[in-house]
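Notes follow the structure.
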Ligand SMILES: Nc1ncnc2c1ncn2[C@@H]1O[C@H](COP(=O)(O)OP(=O)(O)OP(=O)(O)O)[C@@H](O)[C@H]1O
């Protein structure tokens with residue numbers, strides 16, 4: 001049973017993930033500790049290779065940490081075998097990808113109901129249609145994904161991810177394939193899911209505007225959390241990213257600014 005008394009939907013403690021062996025070993029996550037309160041929107045940012053995808057994979061139980069603990073909705077993931085992990089992902093996690101990942105042969109409504117079908121639960125047709133209507137897709141319920149714009153397809157993917165009220169929705173670059181207006185619509189909907197229905201969202205993004213829709217931005221570099229920012233705005237996020245992405249992060253005038261405590265970056 002989920003530990004619904006926990007204030008946190010997701011907790012990582014001293015998580016280390018190494019890829020490869022011997023001389024080729026890469027430390028993708030280096031003692032990462034973070035707690036995500038329920039009903040919050042967290043953006044994860046960092047330069048390419050800083051460990052964002054590895055974090056998402058470990059948090060969602062798609063990859064096993066080398067050491068450390070991941071607790072999702074009260075479940076310590078290392079205690080679970082593959083079957084139990086699959087069930088937990090199916091029942092308590094939602095996923096939104098850059099590429100939408102809709103099933104082309106199913107209608108919009110069938111796509112949204114699919115995770116519940118897989119879970120052996122009877123999808124409530126009216127709830128599916130009400131959710132689609134809230135997302136501006138009432139007229140599209142019986143269409144196939146190919147008949148929809150990219151922004152509409154991503155809204156279907158959001159509906160599919162949130163319908164079962166999962167403990168955490170993981171979003172990986174959800175606006176990466178969208179134009180500016182469609183991206184804003186999608187981010188507004190994610191924001192609403194947090195504000196209006198207390199959904200918990202963890203989103204990896206490279207886009208400071210996307211990150212500014214979150215409550216908190218967590219910045220990664222070299223597999224470590226090097227900074228966090230509450231109530232982010234795009235300019236501040238972009239400035240922090242520029243410093244992290246500079247060729248020599250251990251020197252230069254920008255490092256005199258707050259956040260310098262991460263100066264030991266390799
Ligand atoms: N399966 C793997 N085998 C070996 N090294 C890996 C593997 N997966 C990731 N890595 C390495 O781990 C580090 C972190 O990778 P990760 O994909 O988590 O970074 P990221 O921040 O998501 O990058 P990007 O923004 O480019 O997607 C990188 O150095 C990467 O090369």
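Computed from the coordinates by the stated procedures, all read-outs in this text should not be read as laboratory data. None of these values were measured; they are calculated from a predicted model. All Cβ positions, glycine included, derive from the backbone under ideal geometry; neighbour counts span all protein chains shown.
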Next on the checklist: Rounding to the nearest 10 and keeping the result within 0 to 90°, find how far the Cα-based axis of helix 150-162 lies from the longest principal axis of the chain.
Outcome noted: 90
Item to check | Alpha-carbon centroids, segment 1-71 and segment 192-220: separation in whole Å | outcome: 17
Checklist entry - Taking the Cα atoms only, what angle lies between the long axis of helix 180-197 and the longest principal axis of the chain, rounded to 10 degrees? => result 80
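Can you give the translational diffusion coefficient of the chain in µm²/s, computed by Stokes-Einstein from the Kirkwood radius over Cα pairs at 20 °C and 1.002 mPa s?
Estimated diffusion coefficient is 111 µm²/s.
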Checklist entry - Relative to the first principal axis of the alpha-carbon coordinates of the chain, what is the inclination of helix 82-92, with its axis defined by its Cα atoms, in degrees from 0 to 90 and to the nearest 10? => result 70
Next on the checklist: Can you classify segment 152-219 as rounded, prolate or oblate using the Cα gyration tensor, where a ≥ b ≥ c are the square roots of its eigenvalues, rounded means a/c under 1.5, and otherwise it's prolate if a/b beats b/c and oblate if not?
Outcome noted: oblate
Checklist entry - Put a dot 7 Å past each Cα toward the Cβ at residue 48 and residue 177; how far apart are the dots in nm? => result 2.0
Item to check | residue 138 paired with residue 69, simple spin-label distance in nm, labels 7 Å along Cα-to-beta-carbon | outcome: 4.8
Checklist entry - Based on DSSP, what percent of beta bridges with both residues in the chain are antiparallel, to the nearest 5? => result 55
Item to check | Residues of segment 107-121 with amide N under 19 Å of the 7 Å Cα→Cβ point at residue 197 | outcome: 108-121
Item to check | Expected 222 nm ellipticity per residue - DSSP helices of 4 or more, -39500 (n - 2.57), all of the chain, to 500 | outcome: -10000 deg cm²/dmol
